Every structure is written in structure tokens, then in C-alpha cells.
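Read the structure below first, then the notes.
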Amino acid sequence: MLQSQIYLNFLIKGVLVFTLLTSGLNMAKGQAYSQESYGKAQAAISQHSVARLWNEVLLDAIRKDYARPTVHARNLFHTAIAMYDAWAAFDDEADTVLLGKTLGNYHCDYREPSMLMMSDIEATRNEAVSYAAYRLLSHRFAHSPGASISLASFDALFSNLGYNPDIRNTNYMGVSGAVLGNLIAKCVIEFGLQDGANEVNNYENQFYQPTNVALVPAMAGNRFIVNLNRWQPLSFETFIDQSGNTVPGGNPPFVSPEWGMVTPFALKSEDLKVYERDGHSYWVYHDPGPPALIDSANRAETQEYLWNFALVAVWSSHLDPSDGVMIDISPAAFGNLSLEDLPKDHAELHKFYNFLEGGDISQGHKLNPYTGQPYQPQIVPRGDYTRVLAEFWADGLDSETPPGHWFTILNYVSDHPLFQKRFRGEGEVLNDLEWDVKAYVALGGAMHDAAISAWGIKGWYDYVRPISVIRALAANGQSSDPNLPYYSPFGIPLVDGIIELAPDQENLIGLINPKIRIKGWRGPQVILDPRQDTAGVGWVWAEDWWPYQRPTFVTPPFAGYVSGHSTFSRAAAEVMTLLTGSEYFPGGLGEFKAPKNEFLVFEEGPSVDITLQWATYRDASDQTSLSRIWGGIHPPVDDIPGRIIGAKVGVEAFLKAERYFY
């Protein structure tokens, strides 16, 4: 059976980057390169285009920066524009995106020379791409928490490619690739300083203020919230973001609530709505309408709200590999959903997800279309699958964030021996540089627009996260039966064997808060050493419920609705499908291997070797969405609108990019 094995991980891989980063660190310490290191770097450099090399060091710089999905979607896209324009300036058919154009409110002044006077166009192209990327990345990551390493890695790659950093001229006259690259970087930098991202003030929020006071997750019984429909900040003694950076103050603000106003790539004005709150504008592209809200005047709406968050609590009971539940996680049993299969109303939403057992309605694929053979079953403990899924798609420590994660998928598809670099799967095989710059612009544009749409929605609807809701509902009581103790229409629904009134309720009379228990992941407080301890699943007080996350992180610092992972991933899946001309991974199977007792970070595990498998890019995207529910980060109501919006955004971005290419 032909199988593509896409080994995705969160560290830069191979001789090239190890050598470059080592060289960069040595350079920072004033040490000389060894001839051996230089030779290894040069050998590795010859295997990839310069665009790929710059994309790899960018991904590693993202891993060492604060975990800001919006900011890094923009960094990936702007770097892709810079490299693509440096390539397109020498192509008779392709058009540039920014060079010589007006984008948003910015014009990049460029007068194309009447004739090209360089003797080696390919060398000049590589030079232009490298100068453009080097200047832009050195600017963007100058104040990163990992700047000392990232800037050194940019310098090392630039030096190993043989370029001179002292050439800073931007007056391009048609001869020097270095000067053209400098000009392009100058334009992208200036464009970025006025595109609405507030880069000049380190992307700080300009007017958004949270409604609720902060929740202290580590404080037992802490569940106070004023508005159960609005986002609640979290407060920590020490907050460590998704990339492992300690954030000063321990009270992370909402990341990018005003991002809807950033200049997009392919988003259309007819898809924009502008809302007003507290005297400020919130821009929303592809508005899905409000999520399920808790509403004293609308019992049906409240019931929908309660169902969504109760499902998250129930799925937290699926995180124990010792519970005896075994499932098939191969493409034979999972995946093969179309947009038409996604729920369109509350009734369909309830049918789409398996409330008690987890997962969705997908039935999998009968055959691998490349081999003509059935996919082989992979039967594993459900608790291992769900935990690996939650950590893998969360990106773990050293995260390149969800947009960057899909760039790693693109790069590994591009490297696969069964894959041919034909645009849309047709025509001639493109050389590495042309393939990379076009692929990066298409995917980067989709990731950038997905961030603008999803975070515009997040900022406006400002929707609450499961940790706030589950704790607060339980403090209210139970909403299932008026004849049982502690009934409240705004309490948590009871589920036999999973969400229950604690035994001996009469012993709790006189307490301020009723005690409801959840059979779920027991939380980080029971893990002394994550290298050897496993929390498992057991009864926990609902007011102390934890998502499957680190105690120094708990939940991303921004509103839930809509899911950024769902939006990014579906947009990327659509781009990959159109770009490659196939919905399937090369050979009909993509894989990631999580070794026994090595992969998990929050606790020991998995208890067996797990191989995540996907037949199609959309299957991988749909798995991403489910991972966020098992991880305790999103309810279903956050998920489906993100998938639908992502599909629109991905197709629109790809088609716009294609118009530049041809």
C-alpha cells in the first residue's frame, strides 16, 4: 500500500535549520563558523528554494515569539507577499501583489525598468527574495522575546546564502536583486505600519474592555462571573502562553479583539458589517449571527446554551486511556464529511455530535483512491486518542500557532516523494521557487483573512469560554429537574454517571454553593511530575472543573466564538485542495506518530503508540475542530460557524491569489 507519512512536529527539522541556528548562536557569541558546519548548511540549502528556507526560519521565530495567532497569520502572509513580489517582478505572466500597487490605503511606488540588465535572472531572483525576507523578518521580530535567537538565525541564513547585509539601498534601477528586495521589504514594512494592526504600539488593544472581572482558575470554588454570555479574563500567579513565554503581570488581555479592522487580502466589502459598542466600531466579515445565549426570556435559547457547555463537560470524561473504551481512529472510520453535512440549525447540531461517546457523524472512507485498497483499522484507547488530539492540534509548547501549523503541513506535502508540484495538479511541474512563493501567498492570504474574520467575530460577540460557564452553572445548581435539590433554570444539566448531584446532599445544607460533581479529567493539580504522572478521569467538583490544559495557561486569552482553529484549518484545507488539485494527501494518507509515553506534555502518555491519520485535508481540519472540544476550549456552537466561514475564506483567498499568478 502506498502511504504518505507526514511527520509533523513543532521543532525545525533537519540538518539545515540545526546548523543555521547553531551558527546563529555561535555568531551571537562571537564564535566563528566551522568549515564543517558551513558545508552542512550549504548542502542542506541546495535541497530547497530560498523561499522555503526563509519560511522555515520564520516558523521557528514564531515558535519563539508570543503566541498571537492573528499577528503571526499576518507575518506569514506579509512575508509571503514580499517573497512572491520579488519573484513576480521577473515574470512576464505574473502580477505583483504590493510592488507598484495600491493595497488598502498604501501605495508602493515602483517604476518597472524598461529592460532587465542582469545576466542571471534566477540568481537575481533568489537575491531579491532573500533581501526582502531578511529585512522584513529582522524588522518584525526585533522586539520578540526570542529576538536574540531569531535575529541570529536570520543573520546566519543570510550569511550562508552569501549575501551582504550592508547593502541597504532601495533605489531600484533594474540591476540589483538586493536593492529590489530592500525596496519590497520597505513597502511591506510601511504598509504594515498603517494597516490597522497597531503594529507601531506592539499590537496593543486600542479600546476593547472586558465586561467580566477575571477568574482565578487555581482558586478552589472560584466561579464568579457577571455576564455569562461575555468573555471572562483569567488571572494567574504566572501566565505562560502557548509558546512557553512568561507574560508579565499574570493577567493576559484579550488578544486582538479589534482585528476585524486590519486590511484583508480577499475579504469583500459586501461581506462586512460594522457594529457599534461603547462608542467604538467593530468590523465583522462573514457575520454568522450570535451564538447560543443564556436568556431569562427565552427558555429554548437557554437550553441550547446549556446543552453546548454540558457537552464539553461530558467529553472531558473521555480523557482516560484506562477506561476500557477502544475506538478505530483510521480513515476507515473517521472523516469524509462535506460542507453539506455540517449542521444548519440547533436540531442538526445535536445530531452531528455524539454527546455521550464523542466524535461526530462521519463514517470514514471505504477505499484509498490511490491504492484501491481499504484503509487499515487502527484500534486504540479513546483516552489516548483524545489527549494526543488535544495536544497535537493545540500545537503544544514551542507553537508556531495554527496558521503556522498549516504551513508545516504544506511544506511536508511539498516534500513528499509521491507529490508533483503542479499548480492545481495540472500542467508542467513548477520549479521549487515558483511553487513555494505561489503556495505561500495562497495559504498566507487565507490564514490572514481567516484571522481577520474570526477575530472580528470574537471581538464583537465577545463570547464566554467553557471554564467560566461550567464553573458558574454548577454554582447556580442543576437545571434538569425542579423536584431535585438545587434546581435553577440557569444551572448545569445533569447527565447520569457524568454530571451529578454529589452524594449525601443533606450534609451540604448551609453551604453557600451547592455541590455538583463532574466525572472528568482530574486536572493539573494532581500531576506532580508530568513526565511520569497521569491525572486520569474521576469525580471533581464542577466548580473546580479544568479543561485539558496546563495550569499556567488553561484557555487562550480571547473570546471563544468563533473557533479560530476551525476557521484557520478549514480555510487551509480548501487552499490545499485547490492548490494540489486533490482533496487527498499524497498517496491518500497523511500521518503523524505520537510515541508511547513520549508525546504528551501535560501528563505522561500516550499509553500506546498513536498515529493520527487523515485521508484528506478536510479530514485533518475536521479533526482539529473536534480536538478543541475534547481539550475543553470550545463548545460545538463555536465550531461549526468557524468551519463554514473558513471554507469561504479559503476559496476566496486562493482564487484571488490565482489571479495574480496568471
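Tell me whether the stretch 587-598 contains one or more residues that are out of contact with any Phe, Trp or Tyr (no Cβ under 7 Å at 6 or more places or on another chain) and aromatic (Phe, Trp, Tyr).
Checked the stretch 587-598: no residue is out of contact with any Phe, Trp or Tyr (no Cβ under 7 Å at 6 or more places or on another chain) and aromatic (Phe, Trp, Tyr).
With respect to GLY174, is the statement that it is at positive phi and modelled with pLDDT under 95 true?
On the way: at positive phi: yes; modelled with pLDDT under 95: yes.
Judged against the criteria, GLY174 is a match.
Tally the residues that are at positive phi, among the small types (Gly, Ala, Ser) and surrounded by fewer than 24 Cβ atoms within 10 Å (Cβ to Cβ), restricting the search to the stretch 548-590.
Qualifying residue count for the region: 2.
Can you name the residue in the stretch 296-323 that is of a type in the set (D, E, K, R) and more than 23 Å from ALA347 (Cβ to Cβ) and, of all such residues, is surrounded by the fewest Cβ atoms within 10 Å (Cβ to Cβ)? So that I can check it myself, show each step before the final result.
Here is the first cut: in the stretch 296-323, the residues of a type in the set (D, E, K, R) are 299, 301, 304, 320, 323.
Those still in the list that are more than 23 Å from ALA347 (Cβ to Cβ) too: 320, 323.
Values: ASP320: 25, ASP323: 14.
Going through the qualifying residues, I end up with ASP323.
Restricting to helices (runs of 4 or more DSSP H) lying wholly in the stretch 5-96: which have 1 or more residues that are modelled with pLDDT under 95 and touching a Leu at 6+ places or on another chain (Cβ under 7 Å)? Let's see the steps before the verdict.
Details: elements: 14-28, 35-45, 50-63, 69-88.
Filter on the stretch 5-96 gives 14-28, 35-45.
So if I check each of SER153, SER138, SER148, which one is exposed (fewer than 14 other Cβ atoms within 10 Å of the Cβ), among the hydroxyl-bearing types (Ser, Thr, Tyr) and in a helix (DSSP H, G or I)?
On the way: SER153 fails: exposed (fewer than 14 other Cβ atoms within 10 Å of the Cβ); SER138 fails: exposed (fewer than 14 other Cβ atoms within 10 Å of the Cβ).
On inspection, the qualifying residue turns out to be SER148.
Taking the stretch 332-367 as the region of interest, how many residues are open to solvent by 60 Å² or more (accessible area, probe 1.4 Å), at negative phi and part of a loop (DSSP other than H, G, I, E, B)?
9
Taking the stretch 368-393 on its own, how many of its residues are open to solvent by less than 30 Å² (accessible area, probe 1.4 Å) and either in contact with a His (Cβ under 8 Å, 6 or more places away or on another chain) or free of Cβ contacts under 8 Å to residues at least 24 places away in the same chain (or both)?
Residues in the stretch 368-393 being open to solvent by less than 30 Å² (accessible area, probe 1.4 Å) and either in contact with a His (Cβ under 8 Å, 6 or more places away or on another chain) or free of Cβ contacts under 8 Å to residues at least 24 places away in the same chain (or both): 5 in total.
Quick one: in the stretch 183-232, which of the residues that are in contact (Cβ under 8 Å) with a residue 60 or more places away in the chain and part of a helix (DSSP H, G or I) is farthest from ILE633 (Cα to Cα)?
Only one residue tops the list, namely LEU183.
So which residues in the stretch 395-427 are part of a helix (DSSP H, G or I), hydrophobic (A, V, I, L, M, F, W, C) and open to solvent by 10 Å² or more (accessible area, probe 1.4 Å), if there are any at all?
Taking the stretch 395-427 as the starting set, the residues that turn out to be part of a helix (DSSP H, G or I) are 401-415, 423-425.
From the residues that got through so far, the ones that are hydrophobic (A, V, I, L, M, F, W, C) too are 406-407, 409-410, 413, 423.
The answer is PHE423, and nothing else.
Out of the residues in the stretch 279-295 meeting the condition of being open to solvent by less than 10 Å² (accessible area, probe 1.4 Å) and in a loop (DSSP other than H, G, I, E, B), tell me which one is farthest from TRP460 (Cα to Cα).
ALA292
The values are calculated or read from the model by the stated rules, or taken from the named source; none is laboratory data. Keep in mind that this is a model prediction, so the values were computed, not measured. A quick note on method: Cβ atoms are made from the backbone with ideal geometry, for glycine too, and the neighbour counts reach across all protein chains shown. In case anyone asks, the SASA skips ligands and DNA or RNA and just uses the protein heavy atoms, side chains included. Shrake-Rupley method; radii C 1.70, N 1.55, O 1.52, S 1.80 Å.
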